[in-house]
Amino acid sequence: MSRRYKLISGDSHVNEPPALWQERVAEKFRARAPRMERLEMGDAWMLEGAQDPINFGHNQIASDPCTKTSRWVRWENTRRGGYDAAARVKEQDEDGVDAELLFPTPRVGNTLFWNNKDREFHLACIRAYNDWLSDYARQAPERLMGLAMLPTTGAKDAIDEMHRALKLPGMKGINLGMYPSGGNDPAPEDDGLWAACEGAGVPVNIHVSLVTEAPADHKRMRVSADFRFMDAPYRVNQFIYSGVWDRFPKLQVVFSEVDCAWVPYVREQLDNNHKRGHKLAGYQPKMLPSGYFERNCSWVFIKDSAGIRIRHEIGVDNMMWSSDHPHSFSHYPHTQEFLAQEMRGVPAEERQKLLAGNAMRVYGIGEGAPAKAR
C-alpha cells in the first residue's frame, strides 16, 4: 500500500561525505575532483574554481542555536542524517516529517554547475553525485527523494543525464544550477531539455538562484540568505519573455527556498508593464504574466507568515512548505509546534495542499501517479 503523506518538505538537503567524488570519479580526475581537507579553523571542501575553501557548519546545524555554533566544524562532528539514510529517517520520525525532496549543499553542488570548460570532468562529477544520491535515497525511497544535478555542457548532455539519473532508484526530479547551455540566459538549444521535461512530466527546480559567481566564503557571496527570493522574479521573467512557457505550456518550474509573499507584487508589476506595452519590441507572450505564475510556477517557503496570510493572492496550489533540514533555517525537532502556529486558521484542505498535496501533485508522489500539470 502507498504511504499516506501529511508532511513533505519540498526543499531539504544532504551533506556530501568527504570521499564522495574521490571514490566515484575515474582516477585521472581525482586530483581535481572535490575533496575535503582539514584546516586549522575546521574541515572544508576544496573545489576547482572556488574562491575560498568552502566550510559547511551551518549546512548541518539543524536545531542547534546559531549563536552556539560556527560555520567551521570537523566532519566527524556533523549530524549523521545528512549522509546516513537510516539516521535521516529517524530524524524525520522525530520531526513528524513523512518525506523530503533532497538538494545538495548549495556552494558544494553549485560549483559543479559553474562554467567548467572541461566537459568530461564536468560530466564525471555530476554523475558521481547523482549515483551517490541515488544510493542514499534508495534506502527509503518513499521518504528520501533525490533531485538530480544536471550538467551545463549543452542540452543533449542535460537530457541524457536527466534520463539516466531518473532511472536510478530514489530519484524524483532535476535541479538546475545554470541553463543547460551553460549560461544565465535561456538559449534556443535549451528547448530540448524543456521538451524532455514536459514530455516526462518532470518538474525543473531552481534552488534559490542560478549560479552567477564562483563559490566563495559566505562573506563574499552576493546572494544573501536574507534575500533568497531576489533571483526568482528575474528567472520567471526570462521564462515568460523567451517564450519557453508558450512553447512548453505544461512545463513546471519549482523555485525552491525563495518564500512567496513577494509574488503578488511582482506579478502585478509584470502585468502592468505588459499592459502598458513596455516590451513591445520583444517577444509577446500569449497571456498576461500572471497566467504563467498560476499555471507554471511553484514557490517553496520555510517560514513565510505573510505568505500564508495572503495565500489566496499567491495561489494556494502554487505553494509548498520546506523544512530546509539540516540547514540553519530548520525547525527540527520542533517542526510540529512551529507549523501549528504558522498554520493557525488555515482550513484543513488548504493546509494539506501547502504541507503535502502540492508536492505530491507536482512530483507525482504517492499512489504511483505521474506528475500532472495544472
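Some notes on this structure:
- Residue in the range 92-103 that is over 26 Å from residue 234 (Cα atoms) and aliphatic (A, V, I, L, M) present: yes
- Boolean, residue 307 is on the phi > 0 side of the Ramachandran plot and in contact with a helix residue (DSSP H, G or I) (Cβ under 7 Å, 6 or more places away or on another chain): no
- Scoring residue 304 on the criteria (1) out of contact with any Cys (no Cβ under 7 Å at 6 or more places or on another chain); (2) within 25 Å of residue 145 (Cβ to Cβ) leaves a single failure, condition (1).
- Considering residues of the range 330-368 that are among the charged types (D, E, K, R) and not in a loop (DSSP other than H, G, I, E, B) only, the residue surrounded by the most Cβ atoms within 10 Å (Cβ to Cβ): 353
- The listed residue being surrounded by fewer than 17 Cβ atoms within 10 Å (Cβ to Cβ) and in a helix (DSSP H, G or I), out of 23, 40: 23
- Of the helices (runs of 4 or more DSSP H) entirely within the range 62-162, those holding at least 1 residues that are closer than 21 Å to residue 206 by Cα, modelled with pLDDT of 95 or more and of a type in the set (S, T, N, Q) occupy 119-137.
- Check on residue 306, closer than 30 Å to residue 325 by Cα, modelled with pLDDT under 95 and exposed (fewer than 15 other Cβ atoms within 10 Å of the Cβ): no
The values are calculated or read from the model by the stated rules, or taken from the named source; none is laboratory data. Predicted, not measured: the structure shown is a model, and the values here were computed from it. All Cβ positions, even for glycine, are placed from backbone atoms using ideal geometry, and neighbour counts span all protein chains on display.
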